[in-house]
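This report concerns only the one structure given below.
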Amino acid sequence: MGMRKTALSGIFIISGFLTIQAQSSTASSSSNSFWIVLIVVVLAALGLLVDLFYRKGSKAPSYVGGGKFVGLQKGFNLNVQGAANAKVVEATASRFAVIPPNFRGISPIPKMEVNEGDEVKAGDPLFHDKNDESIKYVAPVSGEVIAINRGEKRSIAEIVILADKDQKYRALPALDLQKADRTSLVSHLKASGFWPLINQRPFDVIADPEVTPKNIFISTFDTAPLAPDLNLVVEGQEEAFQMGLDVLGKLTDGKVYLGLNANGQQAPSKAFTGAQHVEKTWFKGEHPAGNVGVQIHHIAPIKNGDVVWTLGVQEVITLGKLIRDQRMDLSRIVVIAGSEVQDPHYVRTVAGANLGELLAGNLKDSHHRIISGDVLTGEAKSPEGFLNIHDDQVTVIPEGDYYDTFGWLVPGKAIPSLSKTYLNSWVGHKAYNVDTNTHGEKRALVVTGQYEKVLPMNIYPQHLIKAILAGDLETMEGLGILELSEEDMALCEYVCTSKSPLQKILRDGLDAIREQG
Amino acid sequence: MGLLEFAKKLEPDKKKSPFLHTVYDGFFTFLFTPNTVTRGGVHVRDAMDLKRTMTFVVLALMLPFVFGTYNIGQQHFMAIGQHTGYFEALHLKLVFGLIKIVPIWVVSMVVGLGIEFYFANRKGHGIEEGFLVTGALIPLIMPPDIPLWILTVSIVFAVILGKEAFGGTGMNIWNIALLSRVFVFFAYPTTISGDTVWVAGFDQLAPGAAVDYGWADYLFNGLFNAFGWSTFNDSAHITDAFTGATPLGIAAHAGWHEVTEVYAPSQMWWGVIPGSIGETSKPLILIGALMLIVTGIASWRIMAGMILGAALVALGLNAWGATPFMEVPWYYQFYMGSFFFAMAFMATDPVTGSNTPRGKWIYGFLIGCIGMVIRVLNPAYPEGWMLAILLLNTFVPLIDYLVVQSNITKRLKRA
C-alpha cells in the first residue's frame, strides 16, 4: 500500500523535476544530480517508513490482552447488503436432512443403518462409513425417516427426517472427563456421531482417528460476507463451549488454539476472551482473517507430515453438551441474510434444516439464488434443499442473468471491486447489492499479482494454481497447498480477472495428493 | 432495451457459420457484458474482467497516440522549414500525421485481429482481448514511413509464431509488439534504424530532397483553401540545416553537447524530436504510466526497478567516462530514446513479465541495467530497451523459479 503510493509520488516528482529541468539549461549538472538523488533518498526513506507503519498493522485495540496479536494487511471485506439484525427467532422447520457428501473424506456410498419409514431419535445412527464402521453418522432430530434420496451411481444424496414435535434424544453413556483416556474418548466420539464434525488439515477432510493431532485450532470469528456474529451464537452457551475446549485438550498432545477477533469496537464475548486452558491469538484484518487456515499459518504453520484439527464454535458447543448432557445436541443458530431477504435475522434451529422452510415468507422476489453458506464458499440450493452440516448461514442474493451495456468502459459500478479502475473502489465502504453475474467471460490467466493481495499467507497462489493445473505434486506441496482449503482461496477466485474456478482447481490438487497417499 | 434486441437479431447461426458467430460474439461482448452467472465456486464475482483491463491500457496509450500523430507532421514541416512553430498550422500537421498513422493502425488491427479471430474460431473459444493492446502498441513503436507490407509480415510473424504457436493470449513468452518490431529490426534494418527513417513524407531523407504528399495535397488543399487556412506546399524541399538524426544517434558518437546544439532539452523532453511514432513525448507517456499505476493495472515494481537499474548504470558510466556517450549526464539519458515508453507499456506486460512481487523488482532492475548497457556500450544498436526486454522476457521463468523456490525452501525449513 504505502510502497505503491510512494513509488507513484516518486515517479511523479522526478518527472516533474525533469520537466522543470528541461526548461532551463543553466543549472550545473552536479547540482542536478544532487537534487535528484536527494529526492529519491528522501522518498525511499519515507516509503519504507510508511510501509513499516502499515505493516505494523493499525495498532492492536486496547481490549487486546493475554495473547499474541497479529495484524494482517492483505484481504478484502466484501461489503454486501442484507446484514442480519441481532435478534434470534425460533425457526419452524419440520424437515431436516443429513447429507453424506457434506462429510468430505467419507466413502462415496455409505452403509445405511435405517430404512424409509423408520422412527429415529436424535443421535441415533443413520449410516456409517464403509471403510470404518465405528464412525457413526447420526440423526440431528428425532422423527420419521421420510426419504432416502439417491444421487449419481446410487450414491446417497440425503436422508430426510420429518421431525417430531417433542424431541427425543438417544441417551449416551456417561463419560468422566477427568478419568477417561484418549482412546476411550475417541471411541465415545465415534459412537456418539460427533467424530464426523471434526475436520483435519491438510486436505480439510474428516479427521483420521488413527492420528493424534499436533494442535487443534478454533476460529472464534467469521469475516466472510454477511457471516454470523459468533459472539451472539455463543451467548448462553459459555459453559458448554468451555467444556468442549476441555475435551479437545484431551485429544491432542499439543495445544488448543483460539483465534480472537481484534476488528471490533468492543472486545469479543467473555466465552472467547476468558476461555481456559487454551492459547489465544488476536487477529486484526479484513477477510479472510477469520479463516482458521489463515490463522494456523500465522500461529503454528503446518509442516510436512503434520496433522491438525479444526472445529467451528458451534461444533465445540455441541461437543461440550455431548459430555455434559450426555446427548448429541446438533442445535444451531443460523443467520439468514442477503439483499433478497425481507427481514434478515438469526434463527435457532438444528443442523440440516430445510431451506425453504427457514426462508418461508421472508423473500422479496422469486428470481434469486439461495445459498447454504456465504456468497464466496457456499453451495447453491433449491428451496427443497437443506442446510449443509458445517454451515451456520443462509444467503439469498438476486440472480444476475442480465446484459450490461459497455460494462468494460463505465467508470463506476455498484459492484464491490478490488480494481481501482472503478471510481467506487476509491470512496467509502457502502454496502453493495451483489448478484451472481460473472461480469465478464472466462479467459486465460493474464493479470498477475492480484491473488496475493487478498491472501494473507506467505504463499504464491498463482504459481500454486499453475502447479496444480500441471499436475506437479511436489511443487504443489512445496508451495503450501496443504495449508489451504477452498475457503482460503475463495477471495482469490472472487477477484480473478480471468474468472478462473480456483476453488475447484485447489480441491482437484488436494484430491490428487490425497490419492497418492 | 432496443439495442440489445437489435444486436440479438443480428446473431448468425452458430452451427451454419461458426466463424461469423465467433466474430459476432467478439463484438457483441464489447457492446454488452454477457449475462452469464456463476456456477459452482464463488457466487459473486468482482466487476473487473480482462476486457476492461485491456481497455484501460489502450486508454493510457491515447495521449502518446495523439501526440505521435502531431509529431509526424511537426517533424515533416521542421524538415522543410515551414510552420516550424509548435502550434503553427496544426491542421496540416494533424492531417499529415493521420495520413501516416491511420493506415499503420488499420493494418495492424486488421491483420492482428484477423489472425486472432481465425484462431479463436479454430480452437472454439471466445475472442481474447490480448491483441487490443498489442494492436494499439505496434503503431506507436514503428517509424512513420514503415512500408505497410513489412508491417504486415512482422505482425503475422509475431502473432502466429510468438503467440498462437504458444497457445494464445496469456501463454506467450515474448512481448508480441516487441517481437514484431524486432522482426523488422533484424529482417529489414534499413527501414527502422539509422538517421533517415524517422521523418516522414520524403522520397529520401537528405538536404534538398523534395516532399512527396501523394494524393494528400489534392484532397485537402482545396478544403483548406476554402477555409482560408495554409495548405500543403508540394514544391518544398528539405532545408540544408536539416539532420534526420535522433538525439541518441548524435549522442552515440559526439556526446551531450552536440545533441544540445541540435535539440534543446525541453524539446527532447516534450518530444518534438524524430523517433518512433509514440515514444517521443515523455510527459504524456508518464501520464499514461501514472494512470496505469493508479488503477493498479501495470506493476509499479517493474517501473521503479527499471528506473533504478537504468539510473545506476548511467551513473556508473558517468564515472567511467571513456567515450563521449558515457559522459552524458545520467539523468539526460532519460531525455533521449524510448526509455519511458518501454518502461510504462512494454516491460509491464503481465504475461511476459515476472509474476512474483520480488521477481518484478529483479526483472525491472535488470531491464534497466541491460538496456542502458546496450544503449551506451554497444555501437551496433542505437537503443537498448527492445532487446533488453526481450532478453529478460526469456529469463522471466528463471527469475520466477528462483523466487518461488526460495518460498518452497523456506516452507521446507519449518520441519
Exercise for the section: Check the range B:46-53 and report whether any residue there is surrounded by fewer than 17 Cβ atoms within 10 Å (Cβ to Cβ) and β-branched (Val, Ile, Thr). Expected result: no
Completion exercise
Considering residues that are assigned to a helix (DSSP H, G or I) and more than 7 Å from chain A (Cβ to nearest Cβ), the number found within the range B:290-302 is 4
Problem - Residue list for the range B:393-415, filter: of a type in the set (Val, Ile, Thr) and either within 16 Å of B:Phe186 (Cβ to Cβ) or more than 14 Å from chain A (Cβ to nearest Cβ) (or both) - result: B:Thr394
Practice task
Mind telling me which of the residues A:Lys430, A:Lys453 ends up being surrounded by fewer than 21 Cβ atoms within 10 Å (Cβ to Cβ), more than 7 Å from every other protein chain (Cβ to nearest Cβ), assigned to a loop (DSSP other than H, G, I, E, B) and not β-branched (Val, Ile, Thr)?
Solution key: A:Lys430
Handout entry: Extreme residue, farthest from the other protein chains (Cβ to nearest Cβ), among residues of the range A:456-470 that are outside any helix (DSSP H, G or I) and under 22 Å from the mean Cα position of the chain (by Cα)
Key = A:Pro456
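Okay, residues lined up against (1) in a helix (DSSP H, G or I); (2) more than 10 Å from chain A (Cβ to nearest Cβ); (3) surrounded by fewer than 24 Cβ atoms within 10 Å (Cβ to Cβ); (4) touching a strand residue (DSSP E or B) at 6+ places or on another chain (Cβ under 7 Å):
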{"residue": "B:Pro350", "(1), (2), (3), (4)": "no, no, yes, no"}
{"residue": "B:Gly364", "(1), (2), (3), (4)": "yes, yes, no, no"}
{"residue": "B:Gly368", "(1), (2), (3), (4)": "yes, yes, no, no"}
{"residue": "B:Leu391", "(1), (2), (3), (4)": "yes, yes, yes, no"}
Practice task
Check the range A:74-82 and report whether any residue there is in contact with a His (Cβ under 9 Å, 6 or more places away or on another chain), assigned to a loop (DSSP other than H, G, I, E, B) and of a type in the set (Phe, Trp, Tyr).
Solution key: yes
Handout entry: Tally of residues being among the hydroxyl-bearing types (Ser, Thr, Tyr), in contact with a strand residue (DSSP E or B) (Cβ under 9 Å, 6 or more places away or on another chain) and at pLDDT 70 or above across the range A:34-62
Key = 0
Exercise for the section: Could you check, for the range A:404-427, whether at least one of its residues is under 25 Å from the mean Cα position of the chain (by Cα) and of a type in the set (Asp, Glu)? Expected result: no
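For every residue, the table says whether it meets (1) under 25 Å from B:Ile277 (Cβ atoms); (2) touching a Pro at 6+ places or on another chain (Cβ under 7 Å); (3) hydrophobic (A, V, I, L, M, F, W, C).
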position	(1), (2), (3)
B:Gly321	no, no, no
B:Pro329	no, no, no
B:Phe339	yes, no, yes
B:Met343	yes, no, yes
B:Ala347	yes, no, yes
B:Pro350	yes, no, no
B:Ser354	no, no, no
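A quick yes/no check of all residues on (1) out of contact with any Phe, Trp or Tyr (no Cβ under 7 Å at 6 or more places or on another chain); (2) at pLDDT below 90:
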site	(1), (2)
B:Thr69	yes, no
B:Gly73	no, no
B:Phe77	yes, no
B:Glu88	yes, yes
B:Pro103	yes, no
Exercise for the section: Inspect all residues belonging to the range B:174-184 and state whether any of them is touching a Gly at 6+ places or on another chain (Cβ under 9 Å) and either charged (D, E, K, R) or outside the structural domain of B:Leu90 (by TED's automatic domain parsing) (or both). Expected result: no
Practice task
Select from the range A:471-500 the residues that are facing chain B (nearest Cβ under 8 Å) and within 17 Å of the chain's Cα centre (by Cα) and list them in ascending order.
Solution key: A:Ala490, A:Glu493, A:Tyr494, A:Val495
Completion exercise
Screening B:Asp234, B:Asp240, B:Asp195, B:Asp212 for residues that are over 27 Å from B:Ile150 (Cβ atoms), charged (D, E, K, R) and either in contact with a helix residue (DSSP H, G or I) (Cβ under 9 Å, 6 or more places away or on another chain) or exposed (fewer than 15 other Cβ atoms within 10 Å of the Cβ) (or both) leaves only B:Asp240
Practice task
For B:Asn121, work out the one condition from (1) under 26 Å from B:Thr29 (Cβ atoms); (2) more than 14 Å from chain A (Cβ to nearest Cβ); (3) modelled with pLDDT of 90 or more it doesn't fulfil.
Solution key: (3)
Fill in the blank from the handout: Among residues of the range A:386-427 being more than 7 Å from chain B (Cβ to nearest Cβ) and touching a His at 6+ places or on another chain (Cβ under 6 Å), the residue surrounded by the most Cβ atoms within 10 Å (Cβ to Cβ) is A:Val396
Practice task
Tell me which of these A:Thr436 doesn't satisfy, since it passes every other one: (1) facing chain B (nearest Cβ under 8 Å); (2) surrounded by fewer than 20 Cβ atoms within 10 Å (Cβ to Cβ); (3) not charged (D, E, K, R).
Solution key: (2)
Completion exercise
Here the qualifying pairs (Cβ atoms under 6 Å; residues six or more apart or on different chains; first in the range A:292-308 and within 13 Å of chain B (Cβ to nearest Cβ); second surrounded by fewer than 21 Cβ atoms within 10 Å (Cβ to Cβ) and among the small types (Gly, Ala, Ser)) come out as A:Lys303/B:Ala415; A:Asn304/B:Ala415
Practice task
Taking B:Thr295 as the residue in question, decide whether it is crowded, with 17+ Cβ neighbours inside 10 Å and either free of Cβ contacts under 8 Å to residues at least 12 places away in the same chain or in contact with a Lys or Arg (Cβ under 9 Å, 6 or more places away or on another chain) (or both).
Solution key: yes
Exercise for the section: Please enumerate the residues belonging to the range A:380-413 that are outside any strand (DSSP E or B) and touching a strand residue (DSSP E or B) at 6+ places or on another chain (Cβ under 6 Å). Expected result: A:Leu387, A:Asn388, A:Asp391, A:Asp392, A:Glu399, A:Gly400, A:Asp401, A:Tyr403, A:Gly407
Handout entry: Looking only at the range A:501-517, and only at residues there that are within 9 Å of another protein chain (Cβ to nearest Cβ) and touching a residue at least 40 places away in the same chain (Cβ under 8 Å), the one that is surrounded by the most Cβ atoms within 10 Å (Cβ to Cβ)
Key = A:Leu502
Handout entry: The lone exception for A:Phe194 - which of (1) farther than 14 Å from A:Glu315 by Cα; (2) touching a helix residue (DSSP H, G or I) at 6+ places or on another chain (Cβ under 6 Å) it fails
Key = (1)
Practice task
Would you check which residues across the range A:365-379 are more than 8 Å from chain B (Cβ to nearest Cβ), out of contact with any Asp or Glu (no Cβ under 6 Å at 6 or more places or on another chain), buried (at least 22 other Cβ atoms within 10 Å of the Cβ) and part of a strand (DSSP E or B) and list them?
Solution key: A:Ile370
Exercise for the section: Return yes or no: is B:Gly278 more than 9 Å from chain A (Cβ to nearest Cβ) and either aromatic (Phe, Trp, Tyr) or on the phi > 0 side of the Ramachandran plot (or both)? Expected result: no
Practice task
Tell me, yes or no, whether the range A:87-100 has at least one residue that is among the polar types (S, T, N, Q), within 30 Å of A:Leu363 (Cβ to Cβ) and touching an Asp or Glu at 6+ places or on another chain (Cβ under 9 Å).
Solution key: yes
Exercise for the section: Could you list all residues from the range B:308-345 that are under 20 Å from the mean Cα position of the chain (by Cα) and modelled with pLDDT under 90? Expected result: B:Gln333, B:Phe334, B:Tyr335, B:Met336, B:Gly337
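The values are calculated or read from the model by the stated rules, or taken from the named source; none is laboratory data. Computed from a prediction, not measured in an experiment: that's the story for all the values here. Here the Cβ is made from the backbone with ideal geometry for all residues, glycine too, and neighbour counts use every protein chain on show.
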